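Following: one structure in structure tokens, then a few remarks.
The values are calculated or read from the model by the stated rules, or taken from the named source; none is laboratory data. Keep in mind the model is a prediction, meaning the values are calculated, not measured. Methodologically, a virtual Cβ is constructed for each residue, glycine included, from the backbone with ideal geometry; neighbour enumeration extends over all protein chains shown. These area figures cover heavy atoms from the full protein model, side chains too; ligands, DNA and RNA do not enter into them. Shrake-Rupley method; radii C 1.70, N 1.55, O 1.52, S 1.80 Å.
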Amino acid sequence: MAWNYTMGQTINKEFDKMIFLFIDEKFEKCANMGIKFTEDDELRRDPIPYLYVSMSMFEIAKDETLDEKHPSAFKNALKYAYKYRQKDKNLTYWDRYENYFAALKDSANRLAQYYIGQEDFRKASSVYKYTNRFDPEDPIVQIWWGLSDIKARNIGEGERNLTLAMEMVDDSYIPNKEMLWVTSKGFEEFAIYMGEKGDYSGKRKGEQLAEKYKKFSPEEIERQKKLEAEKNKPKREVKSFETDQKAVESQKPKILGTTEKGEDAKKELERIEQEQNQGKPKRQTKTFSSDEDDDF
């Protein structure tokens with residue numbers, strides 16, 4: 001589990017068994033017991049059962065064997081997180097379980113982005129809707145909810161969500177880490193839509209915000225990684241050739257053949273030339289045939 005749970009801090013001791021079931025990773029039993037608590041007339045007002053049903057459903061959704069038995073587990077995790085939020089209006093337990101809510105939102109965002117990639121905008125909208133319900137203060141969730149609605153042709157609801165989201169964004173706004181990687185893209189999509197509507201003020205605002213958070217986008221991070229790798233790549237050593245007079249002088253012995261073998265060749269040439277001048281028959285130069293003797 002990616003979060004820290006809290007024991008011994010609930011008001012009602014009847015919930016202890018449910019909490020121990022969760023700790024023992026008996027998530028199905030924990031969820032069933034929690035649901036019974038939510039249906040009890042005396043206990044249904046307490047937010048803790050809804051929270052543990054949500055957490056149990058989330059764990060069930062992550063387990064492939066359990067998820068087959070409970071195909072709606074993740075959806076129920078989001079629903080019960082929303083029901084918890086309704087009961088815990090003062091957010092008494094929110095800080096204690098903030099790691100859980102962050103993990104749930106991160107998974108919801110990734111699932112919704114997958115649906116967007118598949119152009120299933122209705123499903124993406126549904127995921128963002130339930131995410132917004134348990135965390136209504138996150139404008140990036142609401143922007144993507146609005147964009148998904150618009151692409152699903154639910155224009156009125158989509159524009160309403162875009163408007164509400166942008167009201168929460170000012171110069172000091174800092175996205176949380178779960179949504180940061182889709183922040184720039186969200187503002188970019190917002191700017192494109194505003195431009196299509198002819199709202200150029202909204203378009204400029206979206207473009208400015210997209211540029212502001214661009215450094216956190218996966219594309220920009222990948223680009224920076226490539227630049228850094230290229231920068232740190234070992235440079236190839238280019239061999240330079242000396243062309244000054246000193247260098248030329250140092251090469252003369254090799255050029256003029258004054259090495260030992262070169263001197264022998266020079267003497268042989270002089271001897272052949274002397275023989276020719278004395279009228280003796282010229283030496284025949286043996287040639288090599290490449291016809292029938294070719295082994296290849």
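Starting from region 17-85, pick out the GluC sites (Glu not before Pro) whose DSSP state is loop and whose Cβ has at most 15 other Cβ atoms within 10 Å.
Loop-located and lightly packed - Glu25, Glu39, Glu42.
Counting pairs of Cα atoms in region 1-148, how many percent are more than 23 Å apart?
33
Output the pairs from Lys87/Lys215; Lys129/Lys231; Lys129/Lys212 with a Cα-Cα distance over 32 Å in this structure; if there are none, say none. Write down the numbers at each step before the final one.
Details: Lys87/Lys215 38 Å; Lys129/Lys231 44 Å; Lys129/Lys212 26 Å.
In this structure, Lys87/Lys215; Lys129/Lys231 exceed 32 Å between Cα atoms.
I'm checking a number: the convex hull volume of the Cα atoms of region 68-186, normalised per residue, in Å³. What is it? Intermediate results must be reported in sequence, preceding the final value.
Details: hull volume 14.0 nm³, N = 119.
Spelled out: Cα convex hull of region 68-186, divided by residues, is 118 Å³.
Where the Cα atoms of region 184-234 are projected onto their three principal axes, how long is each span, largest first, in whole Å?
50, 13, 12
For the modelled label position 7 Å from the Cα of Ser201 along Cα-to-Cβ, which residues of region 144-163 have backbone nitrogen atoms closer than 20 Å?
159-163
Region 116-180: which trypsin sites (Lys or Arg not before Pro) are DSSP loop and have at most 13 other beta-carbon atoms within 10 angstrom?
Sparse-neighbourhood loop trypsin sites (Lys or Arg not before Pro): Arg153, Lys177.
Accessible area per residue, 1.4 Å probe, Å², for region 58-215: what's the number?
Accessible surface, normalised per residue, equals 52 Å².
So how far, in whole Å, is the C-alpha centre of region 19-43 from the one of region 90-131?
Between the Cα centre of region 19-43 and that of region 90-131, the gap is 23 Å.
Roughly how many percent of the accessible protein surface of region 12-71 is carbon and sulfur, given a 1.4 Å probe and a whole-percent answer?
45
Tell me the trypsin sites (Lys or Arg not before Pro) within region 75-104 that lie in a loop according to DSSP and have at most 13 other beta-carbon atoms within 10 Å.
Hits after loop and neighbour filter: Lys89.
Hey, got the Cα dimensions of region 145-197 along the principal axes, in Å, largest first?
30, 19, 18
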